[in-house]
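Peer 1: One structure follows; several queries about it will come next.
The values are calculated or read from the model by the stated rules, or taken from the named source; none is laboratory data. No experiment lies behind these values; they were computed from the predicted model shown. With ideal geometry, Cβ positions are generated from the backbone for all residues, glycine too; neighbour counts draw on all protein chains shown.
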Amino acid sequence: MKAIAIYPGTFDPITNGHLDIVERAAKLFDHVIVAIAASARKSPAFTLIQRQEFAAAALARFSNVEICGFDGLLVDIAKQKNANVILRGLRAVSDFEYELQLVGMNRRLAPEIETLFLAPAEQYAFISATIVREIINVGGDVSSFVPKEVVAKLQKLKLSK
Ligand code: ADP
């Protein structure tokens with residue numbers, strides 16, 4: 001059986017923390033799917049297409065990583081993609097309660113899919129897409145927090161120095 005992991009999130013935008021998790025996962029699994037949620041409810045700063053483009057540019061070097069957008073239930077796209085693992089990143093204890101709730105819900109919806117957690121290297125543990133968006137909003141420099149390909153795309157959009 002192939003080990004296929006789906007790594008869901010809003011990725012608004014993809015950060016060095018997300019990248020670190022994908023890099024680890026690409027070594028552990030045969031195939032990794034970065035599943036970018038439309039997340040209309042969260043009113044993302046970037047469109048789903050932009051978020052997919054950021055991720056595609058940042059992750060182009062991984063031959064076993066695929067990017068897809070989705071709208072709807074995670075377990076539905078996970079089943080459609082034959083994923084046997086849902087992958088999530090854990091930064092701090094503050095992530096834990098919400099993540100544990102998600103595990104319970106997803107397990108009830110799809111008992112055959114296991115949720116696994118990976119922790120990023122410590123220098124990435126403080127990075128959050130929310131704070132990155134706040135820096136972008138005030139025209140600041142996010143080059144220490146997001147992959148260089150994302151910086152280049154933000155510069156093109158005249159959103160970063
Ligand atoms: P969500 O909208 O589901 O919170 P995010 O795009 O913010 O999605 O994050 C997707 C996943 O990546 C989540 O499991 C989140 O905990 C994890 N993550 C976010 N930032 C980091 C980081 N700096 N290091 C490791 N994991 C992270």
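Peer 1: The conditions are (1) within 14 Å of the ligand (Cβ to nearest atom); (2) over 27 Å from LYS153 (Cβ atoms); (3) not β-branched (Val, Ile, Thr), and LYS79 fails exactly one of them. Which is it?
Peer 2: (1)
Peer 1: Follow-up. Has region 103-123 got at least one residue that is under 24 Å from ARG41 (Cα atoms) and in contact (Cβ under 8 Å) with a residue 40 or more places away in the chain?
Peer 2: no
Peer 1: In this structure, is ALA38 of a type in the set (A, V, I, L, M, F, W, C), in contact (Cβ under 8 Å) with a residue 24 or more places away in the chain, away from the ligand (no atom under 15 Å from the Cβ) and touching a helix residue (DSSP H, G or I) at 6+ places or on another chain (Cβ under 7 Å)?
Peer 2: Answer is no for this residue.
Peer 1: Identify, please: which residue in region 77-94 is at pLDDT 95 or above and farther than 17 Å from THR10 by Cβ and is, among those, surrounded by the most Cβ atoms within 10 Å (Cβ to Cβ)?
Peer 2: Across region 77-94, the extreme among qualifying residues is ALA83.
Peer 1: State whether the residues of region 15-23 include one that is surrounded by fewer than 22 Cβ atoms within 10 Å (Cβ to Cβ) and over 17 Å from SER128 (Cβ atoms).
Peer 2: yes
Peer 1: Sticking with this structure for a sec: Of all residues in region 1-14, count the ones that are more than 10 Å from the ligand (Cβ to nearest atom) and either surrounded by fewer than 21 Cβ atoms within 10 Å (Cβ to Cβ) or more than 20 Å from LYS81 (Cα to Cα) (or both).
Peer 2: 4
Peer 1: Determine which member of the set LEU116, LEU74, LEU90, LEU100 is in contact with a Lys or Arg (Cβ under 8 Å, 6 or more places away or on another chain) and within 14 Å of the ligand (Cβ to nearest atom).
Peer 2: From the options LEU116, LEU74, LEU90, LEU100, the qualifying one is LEU116.
Peer 1: Among (1) at pLDDT 95 or above; (2) farther than 21 Å from PHE29 by Cα; (3) surrounded by fewer than 18 Cβ atoms within 10 Å (Cβ to Cβ), which single condition is LEU159 missing?
Peer 2: Only one criterion is unmet by LEU159, namely (1).
Peer 1: Can you confirm whether SER63 is surrounded by fewer than 21 Cβ atoms within 10 Å (Cβ to Cβ) and more than 9 Å from the ligand (Cβ to nearest atom)?
Peer 2: yes
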